[in-house]
1. Does V121 meet the test of being touching a helix residue (DSSP H, G or I) at 6+ places or on another chain (Cβ under 9 Å), β-branched (V, I, T) and either at pLDDT below 95 or under 19 Å from A19 (Cβ atoms) (or both)?
2. Find all pairs meeting these conditions: Cβ atoms under 6 angstrom apart; at least six residues apart or on different chains; first residue within the stretch 19-34 and within 10 Å of G48 (Cα to Cα) and modelled with pLDDT of 90 or more; second residue among the hydroxyl-bearing types (S, T, Y) and outside any strand (DSSP E or B).
3. Grab the strands (runs of 3 or more DSSP E) fully contained in the stretch 28-131, keeping just those with 2 or more residues being open to solvent by less than 60 Å² (accessible area, probe 1.4 Å) and within 17 Å of M6 (Cα to Cα).
4. Quick check on my filter: what residues within the stretch 13-27 are open to solvent by 20 Å² or more (accessible area, probe 1.4 Å), in contact with a helix residue (DSSP H, G or I) (Cβ under 8 Å, 6 or more places away or on another chain) and in a loop (DSSP other than H, G, I, E, B)?
5. Quick check on my filter: what residues within the stretch 59-87 are of a type in the set (G, A, S) and at pLDDT 95 or above?
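The values are calculated or read from the model by the stated rules, or taken from the named source; none is laboratory data. Please read these numbers as outputs of a predicted model, since none were measured by experiment. Positions of Cβ are generated from backbone atoms using ideal geometry, with glycine treated the same way; all protein chains shown enter the neighbour counts. Note: accessible area is taken over every heavy atom of the protein model, side chains too, but ligands, DNA and RNA are not part of it. Shrake-Rupley method; radii C 1.70, N 1.55, O 1.52, S 1.80 Å.
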Amino acid sequence: MRFDAMILHSCHIQKDGQAILFTAPSGTGKSTQGDLWRIYRGAEIINGDRTIIRKRNGTWYAYGAPFCGTSNIHLNRQAPIKAIVVLRQAPEDHVELICGHRAFSAIYSELTVNSWNDVFVRKALNWVTELSEEIKIYRFLCTKNPGAVDTLESVLYEGSALKSV
């Protein structure tokens, strides 16, 4: 926060010069989805567990963090954020655009915030509000099958119609 940055618990991949962040509680499948995109779409995994997020000159960027979780992947790269994808395991793949308090809650719950520091909490609340208004945030009910990539890609890159919730 002192450096105008946030840390999001997420698997950060880059595809076509843009960052896609998979976020969810541990064990939900962030690394699995990142690996599927690496294998089937040639995406590069930048960090398997943490992403630094900053807004620079009006654009939100994802940065590789110098630390990582069990993935042991932590590259020093940056890219503008295309989307944040909130994962939930499901028997079938389905994507929804989430907005407002749903988007805010999904992001804030996976953010690293020193809750004892009022200044940091206020900054985080303001930033997440702004981020959730400016970046597309999706809820992805997903499997760990290769078809999950097709389902999400059709929304992110082909503009398939979705319902907002």
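1. Working: touching a helix residue (DSSP H, G or I) at 6+ places or on another chain (Cβ under 9 Å): no; β-branched (V, I, T): yes; either at pLDDT below 95 or under 19 Å from A19 (Cβ atoms) (or both): yes.
For V121, the condition - touching a helix residue (DSSP H, G or I) at 6+ places or on another chain (Cβ under 9 Å), β-branched (V, I, T) and either at pLDDT below 95 or under 19 Å from A19 (Cβ atoms) (or both) - is not met.
2. Matching pairs, first to second residue: S31/S71.
3. Working: elements: 44-47, 50-56, 59-64, 78-89, 94-98.
In the stretch 28-131, 44-47, 50-56, 59-64, 78-89 are the strands (runs of 3 or more DSSP E) which contain 2 or more residues that are open to solvent by less than 60 Å² (accessible area, probe 1.4 Å) and within 17 Å of M6 (Cα to Cα).
4. Here is the first cut: in the stretch 13-27, the ones open to solvent by 20 Å² or more (accessible area, probe 1.4 Å) are 14-18, 25-27.
Cutting the leftovers down to in contact with a helix residue (DSSP H, G or I) (Cβ under 8 Å, 6 or more places away or on another chain) gives us 15.
Matches in the stretch 13-27: none.
5. Our first condition is that a residue be of a type in the set (G, A, S); within the stretch 59-87, this holds for 62, 64-65, 69, 71, 79, 83.
Listed by number, the residues that qualify are A62, A79, A83.
To keep it simple, each residue is scored yes or no on (1) closer than 21 Å to N145 by Cα; (2) touching a strand residue (DSSP E or B) at 6+ places or on another chain (Cβ under 7 Å).
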{"site": "I73", "(1), (2)": "no, yes"}
{"site": "N76", "(1), (2)": "no, yes"}
{"site": "I81", "(1), (2)": "no, yes"}
{"site": "I84", "(1), (2)": "yes, yes"}
{"site": "P91", "(1), (2)": "yes, no"}
{"site": "S115", "(1), (2)": "no, no"}
